[in-house]
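Student: Dropping a structure here in structure tokens format, bear with me for questions.
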Amino acid sequence: MKKLILSFLAIALLASCNDKNSFKISGTVKDAKGEKLYLQYDGLMKSNILDSVTLGDDGEYKFKAPRPEYPDFYSLKLSNKSIVFAVDSCEEITIDTQNEGFATDYKIIGSYASSKIQQLRKSLMNIEIKISELRKTEDQVAKNAKLEEIKKDIDAHKQMAQKLILEDPRSAAAYFALYQQVNGTYLFTPYDKDDRKYCGAVATAYNVYMPEYIRTKNIYGLVMDAIKNERKETQQRNWNQLMEEAGKGYIDIALPDKNDNIRKLSEFEGKVVLIDFSAYSDKESVAYTFALRELYNKYHGKGFDIYQVSLDNNKLLWEQSIENIPWVCVRDANGVNTPYIQTFNIQSIPTTFLMSKKGDIIARDLSFPELESEIKKNL
């Protein structure tokens with residue numbers, strides 16, 4: 001029985017997609033006799049009319065067009081009204097509608113993504129109607145009330161779109177949701193931190209499954225550009241902050257330790273401090289750590305301390321390596337991209353600085369014998 005059912009399913013699938021090179025769309029448009037109905041391809045860079053038909057008494061229409069290589073968007077156009085739908089294979093889609101309410105009050109069968117697109121468009125059209133009413137409102141109190149209503153509608157629309165995106169970021173509907181506009185402004189932008197989660201979800205899904213698709217390259221490029229810009233801004237803020245603090249005689253460092261407690265270099269003012277930039281992933285790390293430990297054990301009780309900045313990218317390796325380290329070791333999640341690399345002009349690791357009790361940098365990259373001599377001299 002199972003084999004028989006599977007055979008029927010296979011036959012059904014083949015029958016629904018017997019023409020592997022095209023898709024079909026058909027249906028009726030009521031009360032539109034004599035009107036011209038167009039099938040249009042809506043590409044990323046340009047749109048073009050694929051076919052047209054003059055509607056008769058029954059309003060029936062049928063179109064057949066080459067299937068797209070990747071999921072893409074098409075529309076039925078009647079006068080200045082349009083129905084947007086998605087095609088990702090050799091679907092047979094049915095859309096029944098009428099002249100009045102052509103773009104919103106239609107019934108679609110055969111494309112789940114297109115049904116979701118219908119919901120998104122209908123929601124946004126209602127918002128646009130309210131915006132149009134707002135422009136005609138002269139009373140300021142009424143205008144403010146209408147504006148608050150529109151804001152709530154936009155929030156509700158975005159919540160609906162966010163849920164749709166997270167359910168299936170690979171779908172054409174998820175992509176469509178990202179590019180909707182209100183009054184010429186995109187509702188989602190990767191340059192907004194809150195929106196980036198959803199833009200990134202779609203960009204990642206498309207990049208995994210359709211890396212060569214022009215729409216993939218477009219959304220993925222936008223998200224990566226937004227991330228790079230944010231990093232630049234963060235680095236610049238950090239740089240400005242560090243430069244403001246540079247008047248102290250040393251540049252303060254504030255980074256989390258293994259317990260996520262922020263530890264500052266300035267905590268150690270009044271001590272002779274070895275500021276150490278290194279990485280436990282370095283092949284010489286074990287011998288280097290033993291040499292540091294010897295210095296620490298010898299002079300810590302006399303007012304010497306070590307403030308170590310780890311440049312390890314691997315957080316787990318770092319946490320395991322410093323489990324029994326007695327001195328303070330901090331780490332920037334950005335690894336070698338930490339702004340302190342530039343501030344302290346780190347060219348290689350390990351790099352060390354010796355800071356006096358007064359907070360002055362008195363030596364850089366001394367050998368261990370030289371370092372010990374300077375420590376004893378400044379305690």
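Each reported figure results from applying straightforward, stated rules to the coordinates on display, with no laboratory input. Keep in mind that what you see is a predicted model, and the values were worked out from it rather than measured. As a convention, Cβ positions derive from the backbone with ideal geometry for all residues, glycine included, and neighbour counts pool all protein chains shown.
Student: Could you tell me which of rounded, prolate or oblate describes segment 17-110, using a ≥ b ≥ c as the square roots of the eigenvalues of the alpha-carbon gyration tensor, with rounded for a/c under 1.5 and, failing that, prolate when a/b is larger than b/c and oblate otherwise?
Tutor: Taking the square roots of the gyration eigenvalues as a ≥ b ≥ c, segment 17-110 is prolate.
Student: Using Cβ contacts closer than 10 Å as the measure, can you line up S79, S367 from fewest to most?
Tutor: S367, S79
Student: Quick check for me: using +1 on Lys/Arg Cβ and -1 on Asp/Glu Cβ, what's the dipole size of the chain about its Cα centre, in debye to the nearest 20?
Tutor: Roughly 280 debye, rounded to the nearest 20.
Student: What is segment 111-248 by shape, rounded, prolate or oblate, if you read a ≥ b ≥ c off the alpha carbon gyration tensor as root eigenvalues and call it rounded for a/c under 1.5, prolate for a/b larger than b/c, and oblate otherwise?
Tutor: The shape class here is oblate.
Student: Also, quick follow-up: Using each residue's phi in segment 260-272, evaluate 6.51 cos²θ - 1.76 cosθ + 1.60 at θ = phi - 60° and report the 3J(HN,Hα) Karplus result to the nearest Hz, with x for Gly and Pro.
Tutor: Once rounded to whole Hz, the list reads 6, 8, 6, 10, 9, 4, 5, 4, 9, 4, x, 10, 7.
Student: Helix-only mean residue ellipticity at 222 nm, the chain, DSSP H runs n ≥ 4 weighted -39,500 (n - 2.57), per residue, nearest 500. What is it?
Tutor: Computed ellipticity for the chain at 222 nm equals -14000 deg cm²/dmol.
Student: If you don't mind, another one. Are there GluC sites (Glu not before Pro) in segment 83-141 that DSSP puts in a loop and that have at most 11 other Cβ atoms within 10 Å, and which ones?
Tutor: Taking segment 83-141 and a limit of 11 other Cβ atoms within 10 Å, the loop GluC sites (Glu not before Pro) found are E100, E138.
Student: Right, here's the next one. Go through G303, L120, V336 and say which Cα lies farthest out towards the positive end of the charge dipole of the chain; charges sit on Cβ, +1 for Lys and Arg, -1 for Asp and Glu.
Tutor: L120
Student: Another one. Fewest first, what order do M160, M355, M125 take by the number of other Cβ atoms within 10 Å?
Tutor: M125, M160, M355
Student: So which lysines pass the test for K283, namely a Cα distance under 24 Å, with those fewer than 8 places away in the same chain ruled out?
Tutor: K258, K315
Student: Let me ask something else about it. Using amide H atoms built in the peptide plane, which far-off residues or other-chain residues are under 5 Å from I93 H to H?
Tutor: Distant-sequence amide H within range of I93: K24, I25, S26.
Student: Hey, in the GNM for the chain with a 10 angstrom Cα cutoff, which one of E148, E230, E60 fluctuates hardest?
Tutor: Evaluated over the chain, the most mobile residue of the options is E148.
Student: Jot down the per residue volume, in cubic angstrom and as a whole number, of the convex hull over the alpha-carbon atoms of the chain.
Tutor: Values: hull volume 89.1 nm³, N = 379.
With only Cα atoms used, the chain gives 235 Å³ per residue.
Student: Cα to Cα, under 27 Å, and not fewer than 8 places away if on the same chain: which lysines meet these conditions relative to K64?
Tutor: Within the straight-line cut-off, K64 pairs with K20, K24, K30, K33, K36, K46, K77, K81, K107, K116, K122.
Student: Okay, moving on. Report the FRET efficiency, 1/(1 + (r/R0)^6), for I214 and I361, where r is their Cβ-Cβ distance and R0 is 45 Å, rounded to 0.05.
Tutor: 0.25
Student: Could you check what % of the DSSP bridge pairs in the chain are antiparallel, to the nearest 5?
Tutor: About 75 percent, rounded to the nearest 5.
Student: Sticking with this one: For D51, list long-range residues whose amide hydrogen, built 1.01 Å from N in the peptide plane, is under 5 Å from its own amide hydrogen.
Tutor: L39
Student: Further question: Using the Cβ atoms and a cut-off under 10 Å, what net charge is assigned to the surroundings of S111, where Lys and Arg are +1 and Asp and Glu are -1?
Tutor: Summing Lys/Arg as +1 and Asp/Glu as -1 gives -2.
Student: Further question: Under the rule of at least 5 residues apart or a separate chain, name every residue whose amide H is placed under 5 Å from the amide H of T338.
Tutor: It is none; the list stays empty.
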